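Undergrad: I'd like to ask some things about the structure below.
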Amino acid sequence: MYCEKCHVVTEYDVCPDCGRRHLREPKPDDECLVTILDTMFGEMLADLLREHQIPFRRRSSLGAALATYLGASFERQYFYVPYERYEEACDLTNAFFSINGPVDIDDLEAFEEPDPDMIESEDEE
Ligand SMILES: [Zn+2]
């Protein structure tokens, strides 16, 4: 099932993040949240996804000004891929972290949908 609000894919009918009910089936081009990483790992994963030619969108949890103010270590990068590539991207991400050390999404504090005003988008092929 797929939450349109959080872009989260789940096996349940209820979104684990926002609690929204009556989720729908994902469509192939739905943007799905794969993982949330800090800047350093984000760059590494971005390279990996490009290498495997998986289209993805990356959003920063902080605006540029705030990231500069707080420092890059406070930044979180949200990775989204189309649902048709979602499993592939998850496999890559899991393999990536089995090499680089485990990071669980639940371990990252502040797992919240970023404020739309704060989002900086970049389209990447
Ligand atoms: Zn949700």
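Please treat every number below as a calculation from the coordinates, not as lab data. Here the structure is a predicted model, which is why all the values come from computation and not from measurement. Note that we place each Cβ from the backbone using ideal geometry, even for glycine, and neighbour counts take in every protein chain shown.
Undergrad: Using 1/(1 + (r/R0)^6) with R0 = 25 angstrom and r between the beta carbons of E84 and E51, what's the FRET efficiency to the nearest 0.05? Provide the component values of the computation, followed by the final result.
TA: Values: r = 18 Å, r/R0 = 0.73.
Rounded to the nearest 0.05, the efficiency is 0.85.
Undergrad: Let me ask something additional. Sort 19-26, 83-90 by packing, meaning the average of other beta carbons within 10 Å per residue, with the highest value first.
TA: On the way: 19-26: 12.5, 83-90: 17.5.
Highest to lowest by the protection proxy: 83-90, 19-26.
Undergrad: Using 0.36 nm times the number of residues separating Y12 and R24, minus their current alpha carbon distance, what extension gain do you get?
TA: On the way: separation 12, 0.36 × 12 = 4.32 nm, distance 1.03 nm.
That works out to 3.3 nm of additional length.
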